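In what follows, a single structure is set out as structure tokens and then discussed.
The values are calculated or read from the model by the stated rules, or taken from the named source; none is laboratory data. Please read these numbers as outputs of a predicted model, since none were measured by experiment. Virtual Cβ from ideal backbone geometry, glycine too; neighbours counted across all protein chains shown.
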Amino acid sequence: MNLLACVSGALLLFQSALAAPSWSATPILPGSIPLAVRTPYLSAWLPQGSGRALNEAWPQFWTGATLGWAGFVNVDGVSYNFMGTPTLSTPFQKAVQKSFEYTATQSIFVLSAGAVDVTVTFLSPVEPENLLVQSIPFSYMTVSVASTDNKVHDVSIYSDISAEWVSGDNNLIANWGTYKTDQIVHQIEISVPQQQLFSEVNDRIQHGSAYYAIKNHGDVTFQTGADHDVRNQFVQKGRLANTRDTNFRAINDNWPVFALSKHLGKVGKLPVPTTFAIGHIRDPIIEYIVAGGKSENRSSYFWSKLHSPAEVIDHFFDLYPRSAIVANKFDAKIKADSLKISADYAAITTLSVRQAFGATEISIRKDSHGNYDPSSTLVFMKEISSDGNILIMALSYTQKSKDLSFIKKNFQYLDQWTQFLIEDSLVPELQISSDDFAGHLANQTNLAIKGIIGIRAMAEIANLVGDKTRGANYTSIAESYVKEWQVYATAASGQHLTLAYGQDDSWGLSYNLFGDKLLGLNLFPQSVYKMQNDWYKAFIKPFGIILDTRNTWTKSDWTIFTAAIATEPAVRDSLISAVANFIGGGHTDAPFPDLYETGDGRPYGFRARPVAGGHLALLALM
Ligand SMILES: *[C@@H]1O[C@H](CO)[C@@H](O)[C@H](O)[C@H]1NC(C)=O
Ligand SMILES: *[C@@H]1O[C@H](CO)[C@@H](O)[C@H](O)[C@H]1NC(C)=O
Ligand SMILES: *[C@@H]1O[C@H](CO)[C@@H](O)[C@H](O)[C@H]1NC(C)=O
């Protein structure tokens, strides 16, 4: 049996064991669906496992903690629950999910509620070239209602959030307020004495405020109060009471909820949309250590343009028509480019985009006059912003941006690091690599690859700034290292690279070769790529190839890097399909975990990590 037949045979067996949901999932059913994913602290997902409709589970924070977020639609006096799983004393119907689809920036659910269809679209904009838009920590939920029976119906929609959005400890006291301007805005936070700057409980930030807002146009009502009271009110009356509960109390004490409702009036077959904005603002966002051991407070970039939460929300609603167009264009581009590789690849990349960007925040600091200084803009990542790999990234950035200022400004440091690589990269000492969870190892073949590419990258950086002598010297060092490395790193059989020099039976994914491709260096001989490609063919399991011979697990990001350096499309495609099979196989209800077993798809704890950005490796080569 050939390789591909083996893999698909095993998958058929596996998939037939899972119960499929009654609704369709396009392009695939992921482990968890991004709902509002913009920052490390605005990160709401719908867990799936083998499939749960929008009203079959509560949304979760990326860690798995429950986030109260409910939705009802009232059609001719009958209320249907379309989001969350509330229980009430008043009877109500459940809407029935018909389909689910995701794109790079949107998750779209269609549910039928009696004689209307309800389309719920969660849009988390991804616009890294627009710092203002990218830095606004809000997401959109648009609920669109249309009649399906050629009659008009009287329709109201309802949604609320709980105070679970503001802390990792539900015993803390929450405060809240509701403001009516051009919007109706609920603001919720933990009581100020309990707020703690830059502190987390269960990965949740302990300062700042959550916001839930709707435009104050038409017949809009609001209410705050105990979850049962507020939801019963809407289910019975189809509208809210415009009353405020001011008994500030613990998040879990008669669960206060913050509800918004809109009476749409008569709805025919033309869809009637209503947009909600959900967000979490804190200021400052980052404590940054600067020279001399001092620290500085950094704010979200949007504060340099907008001056109050009300203004932020106002602007966010104004942006919506434009953001929806930009998002549709961006989604179409990611999909079309990914489809040039395969449908499975498009399923992976489109699921990864919000996860990667949702772990970042764009920050800015004030100058000595108290004004925001645009030249101080820095992006921070919640995780994996460690120090390795800088030379490769610096060159890649320069090649793509054609902007020499970064390498010019930092030339001295880049060159200083290169000296370390010249000493240490060919024969790496006992150390960890980016796969630190696998432990220390001396003489790591894959680490040497990265180090040698780093030297060659510095040669290119030197060439770009006009230092041709240095460029020629480092190029010749890197090239001679590659020759020596081939002798150290190739197994005695000549069939594969080892995991570590001299350990002939060991091997692993030599994913760091991707840097050679990304930078267009052609530093490593084609025969090395071909040897690895051919070796991997015999070892592909249902969910991928082992990361290395120390364990039977693998990493999705390094699998995709390996696919990007495969010399045969069949090997590339089967590696990509293995990742898609893992994520679409019902093995997890976590946001795209990146570490899992190759044999049975069992995931380990790595969830919602920005390393999912690595899944775009093949797009970076286009
Ligand atoms: C950062 O902000 C906090 C809260 O406003 C303040 O207490 C602290 O002194 C600030 N730190 C610096 C270095 O300015
Ligand atoms: C690492 O490899 C070099 C070159 O083959 C060898 O001299 C050295 O002993 C190895 N170190 C370890 C700890 O295996
Ligand atoms: C090449 O670079 C190495 C490492 O910086 C240095 O030791 C050596 O002197 C350089 N050779 C020349 C010819 O410049």
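Taking the criterion of being under 21 Å from the mean Cα position of the chain (by Cα) and either of a type in the set (A, V, I, L, M) or under 20 Å from Lys541 (Cα atoms) (or both), the residues of the range 597-611 that qualify are Gly601, Arg602, Pro603, Tyr604, Ala608, Val611. The number of residues in the range 581-594 being surrounded by fewer than 24 Cβ atoms within 10 Å (Cβ to Cβ) and of a type in the set (A, V, I, L, M, F, W, C) comes to 1.
Can we say Ser299 is hydroxyl-bearing (Ser, Thr, Tyr), under 25 Å from Val192 (Cβ atoms), away from ligand 3 (no atom under 16 Å from the Cβ) and out of contact with any strand residue (DSSP E or B) (no Cβ under 9 Å at 6 or more places or on another chain)? So that I can check it myself, show each step before the final result.
Numbers: hydroxyl-bearing (Ser, Thr, Tyr): yes; under 25 Å from Val192 (Cβ atoms): yes; away from ligand 3 (no atom under 16 Å from the Cβ): yes; out of contact with any strand residue (DSSP E or B) (no Cβ under 9 Å at 6 or more places or on another chain): no.
Spelling it out, it is not the case that Ser299 is hydroxyl-bearing (Ser, Thr, Tyr), under 25 Å from Val192 (Cβ atoms), away from ligand 3 (no atom under 16 Å from the Cβ) and out of contact with any strand residue (DSSP E or B) (no Cβ under 9 Å at 6 or more places or on another chain).
Within the range 129-152, is there a residue that is at pLDDT below 95 and surrounded by fewer than 24 Cβ atoms within 10 Å (Cβ to Cβ)? Scanning the range 129-152 turns up at least one residue that is at pLDDT below 95 and surrounded by fewer than 24 Cβ atoms within 10 Å (Cβ to Cβ).
Name the residues in the range 83-116 that are of a type in the set (Phe, Trp, Tyr) and part of a loop (DSSP other than H, G, I, E, B), would you? Can you show your working first?
The first filter runs over the range 83-116 and keeps only residues of a type in the set (Phe, Trp, Tyr), leaving 92, 100, 102, 109.
The answer is Phe92, and nothing else.
Among residues of the range 79-94 that are modelled with pLDDT of 95 or more, those with a Cβ under 7 angstrom from a residue that is of a type in the set (A, V, I, L, M) and part of a loop (DSSP other than H, G, I, E, B), sequence gap 6+ or separate chain, pair up as Tyr80/Ala95; Asn81/Ala95; Phe82/Leu54; Phe82/Ala95; Met83/Leu54; Thr85/Ala57. Whenever a residue of the range 340-352 is under 16 Å from Leu621 (Cα atoms), its partners that are modelled with pLDDT of 95 or more and not in a helix (DSSP H, G or I), lying with C-beta atoms within less than 7 angstrom and at least six residues away or across chains, give the pairs Ala346/Pro27.
Of the numbered criteria (1) in a helix (DSSP H, G or I); (2) closer than 21 Å to Gln431 by Cα; (3) more than 33 Å from the chain's Cα centre (by Cα); (4) away from ligand 3 (no atom under 16 Å from the Cβ), the one Tyr481 fails is (4). Filtering the range 30-82 to residues that are of a type in the set (A, V, I, L, M), surrounded by 24 or more Cβ atoms within 10 Å (Cβ to Cβ) and outside any strand (DSSP E or B) leaves only Leu54. Residues in the range 427-452 that are closer than 18 Å to Asp504 by Cα, in contact (Cβ under 8 Å) with a residue 40 or more places away in the chain and in contact with a helix residue (DSSP H, G or I) (Cβ under 6 Å, 6 or more places away or on another chain): Thr445, Asn446, Ala448, Ile449. Apart from one condition, Asn446 fits all of (1) surrounded by 15 or more Cβ atoms within 10 Å (Cβ to Cβ); (2) farther than 18 Å from Leu521 by Cβ; (3) more than 16 Å from ligand 3 (Cβ to nearest atom); the exception is (2). Residue pairs whose Cβ atoms lie under 8 Å apart, separated by 6 or more positions or on different chains, with the first residue in the range 397-408 and free of Cβ contacts under 8 Å to residues at least 12 places away in the same chain and the second among the aromatic types (Phe, Trp, Tyr) and part of a helix (DSSP H, G or I), are Tyr397/Phe406; Asp403/Tyr397. When the residues of the range 408-433 are filtered to those that are in a loop (DSSP other than H, G, I, E, B) and surrounded by 13 or more Cβ atoms within 10 Å (Cβ to Cβ), the one that is farthest from ligand 2 (Cβ to nearest atom) is Asn410.
Please give the number of the condition Gln486 fails out of (1) closer than 20 Å to Ile341 by Cα; (2) part of a helix (DSSP H, G or I). Unmet for Gln486, out of (1) closer than 20 Å to Ile341 by Cα; (2) part of a helix (DSSP H, G or I): (1).
Looking for something part of a loop (DSSP other than H, G, I, E, B), under 28 Å from Ala241 (Cβ atoms) and either in contact with a strand residue (DSSP E or B) (Cβ under 6 Å, 6 or more places away or on another chain) or among the charged types (D, E, K, R) (or both) - is there at least one such residue anywhere in the range 117-132?
Here is the first cut: in the range 117-132, the residues part of a loop (DSSP other than H, G, I, E, B) are 124-130.
So of that shortlist, the ones also under 28 Å from Ala241 (Cβ atoms) come out as none.
No, the range 117-132 has no match at all.
Only one of the numbered conditions (1) under 26 Å from the mean Cα position of the chain (by Cα); (2) within 27 Å of Leu339 (Cβ to Cβ); (3) of a type in the set (Asp, Glu) is not met by Asp589, and that is (2). The single residue among Phe514, Phe524 that is assigned to a loop (DSSP other than H, G, I, E, B) and either in contact with a strand residue (DSSP E or B) (Cβ under 7 Å, 6 or more places away or on another chain) or touching a residue at least 12 places away in the same chain (Cβ under 8 Å) (or both) turns out to be Phe524. Among the residues of the range 495-507, those identified as away from ligand 2 (no atom under 16 Å from the Cβ) and either assigned to a helix (DSSP H, G or I) or under 21 Å from Ala442 (Cα atoms) (or both) are His496, Trp507. Scanning the range 170-207 for residues that are within 25 Å of the chain's Cα centre (by Cα), part of a loop (DSSP other than H, G, I, E, B) and surrounded by 15 or more Cβ atoms within 10 Å (Cβ to Cβ) yields Asp203, Gln206, His207.
Filtering the range 548-574 to residues that are crowded, with 24+ Cβ neighbours inside 10 Å and of a type in the set (A, V, I, L, M) leaves Ile560, Ala563, Ile565.
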